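Below you'll find the structure, written out as structure tokens, and then a few comments.
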Amino acid sequence: MKIKAGIIGATGYAGAELVRILSAHPQVELVALCTQSYGGKAFCEVYPYLYKHVFSYCRELDLPALAEEADVVFTALPHGHAAPLAREVLGRGKKFIDLGADFRFRRREVYEQWYKVEHTAPELLEQAVYGLPEIHREKIRGASLVANPGCYPTSVILALAPLLRHGLVDAGTVVADSKSGVSGAGRGLSLGTHFSEVNENFRAYNVGVHRHTPEIEQELSELAGEEVVISFTPHLTPMNRGILSTVYASLKREMTLEQVRSVYEEYYRNEFFVRLLPPGILPQTKAVAGSNHCDIVPVVDPRTGRVVVLSAIDNLVKGAAGQAVQNMNLMFGLPETTGLDRPGLYP
């Protein structure tokens, strides 16, 4: 029996990437592609590149019918919209994976402070699992409600996890500098993402106040076993896909590059989707485009006593839809790489 999957918000960039991946997943049947904007249209009319691969029509959301029909429901919606949907789906004994922010925080007040909306299903926060498989794999296996991580947090958390878990860096010295492609802003029209605004331009935004900051701090603090407060600055780059994060932290003791690499090699030894690149090769966004990989390289700067970790992901795959499918595979007892074990596209 195939897993019956429904997607709410199927025509945004993350939703469409979910459709692309799941349409080729050997154990999944897409039963509902829900959207507010394109009800009644063939999905390939909205995304012609999926012609002859996806035959479904977009439909408006009928939540009770969807919850009855699907085994798992994915939501790719702006914050504040997934919480009430989760209650209905979980109440019918189905699984729910949210690609938005509604269930990423363990504390309701943190979500409400940073997202400026009231959480409408706070009783579900306790059972939600943060869906970063490389950190929370066993909890995800037994979960019914998974909060898919944000794209920036995925790149930063995976970059730092081995160092913080082993207590090798000063948790008060973390600085994360990240650059993202324009698709991270979503498909909706916005002046800041118009071609003329983005092309041949490079800029920082939401300096010190980006909403992914507390999400990163929550997970890094758990890894470190102490409170971690970071400086996080995101940048918008004139490319479609990808995130490159450069993360800095001070080492607690003098370490060679070989010693630091050995920590990463051991920590990610069995992780298919995390690639510790060989010496001499640095992460780049084109090398992960279209794939579910996160490429990582640590560099030791003995002059300053700092370690610099570079990580690259595709923001729509490992940073969104691919990771959601990775979580689904775990939740349904499938091999984690099912439908995802392929490289991306180059150039």
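The values are calculated or read from the model by the stated rules, or taken from the named source; none is laboratory data. The structure presented is a predicted model; accordingly, all values stated were derived computationally and were not measured. Virtual Cβ from ideal backbone geometry, glycine too; neighbours counted across all protein chains shown.
Could you tell me which residue of the stretch 246-266 is nearest to Glu134 (Cα to Cα), considering only residues that are surrounded by 19 or more Cβ atoms within 10 Å (Cβ to Cβ) and touching a helix residue (DSSP H, G or I) at 6+ places or on another chain (Cβ under 7 Å)?
Ranking the qualifying residues of the stretch 246-266, first place goes to Tyr264.
Of all residues in the stretch 5-29, which are among the hydroxyl-bearing types (Ser, Thr, Tyr) and within 19 Å of the chain's Cα centre (by Cα)?
The answer is Thr11, Tyr13.
Need at least 3 residues that are more than 21 Å from Asn315 (Cβ to Cβ) and of a type in the set (Phe, Trp, Tyr) per element, so show me which strands (runs of 3 or more DSSP E) inside the stretch 1-116 make the cut, counting only ones lying wholly within it.
In the stretch 1-116, no matching strands (runs of 3 or more DSSP E) lie anywhere.
Find all pairs meeting these conditions: Cβ atoms under 7 angstrom apart; at least six residues apart or on different chains; first residue within the stretch 53-64 and touching a residue at least 24 places away in the same chain (Cβ under 8 Å); second residue part of a loop (DSSP other than H, G, I, E, B) and of a type in the set (Ser, Thr, Tyr).
Pairs that qualify, where the first residue is touching a residue at least 24 places away in the same chain (Cβ under 8 Å) and the partner is part of a loop (DSSP other than H, G, I, E, B) and of a type in the set (Ser, Thr, Tyr), are Cys58/Thr11; Cys58/Thr35; Cys58/Tyr38.
Does the stretch 149-163 hold any residues that are out of contact with any His (no Cβ under 8 Å at 6 or more places or on another chain) and closer than 13 Å to Ile230 by Cα, and which are they?
Answer for the stretch 149-163, where residues must be out of contact with any His (no Cβ under 8 Å at 6 or more places or on another chain) and closer than 13 Å to Ile230 by Cα: Val156, Ile157, Leu160.
Any idea which of (1) surrounded by 15 or more Cβ atoms within 10 Å (Cβ to Cβ); (2) out of contact with any strand residue (DSSP E or B) (no Cβ under 7 Å at 6 or more places or on another chain) is the one Val229 doesn't satisfy?
Every listed condition holds for Val229 apart from (1).
Every residue in the stretch 189-241 that is more than 21 Å from Val156 (Cβ to Cβ), in contact (Cβ under 8 Å) with a residue 24 or more places away in the chain and small (Gly, Ala, Ser), please.
Within the stretch 189-241, Gly192 is the sole residue that qualifies.
Looking only at the stretch 169-192, count how many residues are within 27 Å of Ser221 (Cα to Cα) and either of a type outside the set (A, V, I, L, M) or not in a helix (DSSP H, G or I) (or both).
Counting residues in the stretch 169-192 that are within 27 Å of Ser221 (Cα to Cα) and either of a type outside the set (A, V, I, L, M) or not in a helix (DSSP H, G or I) (or both) gives 12.
Any idea how many residues of the stretch 307-347 are touching a helix residue (DSSP H, G or I) at 6+ places or on another chain (Cβ under 8 Å) and either farther than 25 Å from Val73 by Cβ or at pLDDT below 95 (or both)?
Residues that pass the stated criteria total 8.
Considering every residue within the stretch 265-283, establish whether at least one is touching an Asp or Glu at 6+ places or on another chain (Cβ under 9 Å), without any contact (Cβ under 8 Å) to a residue 24 or more places away in the chain and part of a loop (DSSP other than H, G, I, E, B).
Yes; the residues of the stretch 265-283 include at least one that is touching an Asp or Glu at 6+ places or on another chain (Cβ under 9 Å), without any contact (Cβ under 8 Å) to a residue 24 or more places away in the chain and part of a loop (DSSP other than H, G, I, E, B).
It is to be established whether one or more residues within the stretch 303-312 are closer than 24 Å to Thr237 by Cα, within 20 Å of the chain's Cα centre (by Cα) and part of a loop (DSSP other than H, G, I, E, B).
no
Working only within the stretch 146-188, note down all residues that are free of Cβ contacts under 8 Å to residues at least 60 places away in the same chain and in contact with a Ser or Thr (Cβ under 7 Å, 6 or more places away or on another chain).
Val182, Ala185
Give the residue, chosen from Leu168, Leu223, Leu164, that is in the same structural domain as Glu265 (by TED's automatic domain parsing), at pLDDT 95 or above, surrounded by 22 or more Cβ atoms within 10 Å (Cβ to Cβ) and among the aliphatic types (A, V, I, L, M).
Answer to the selection: Leu164.
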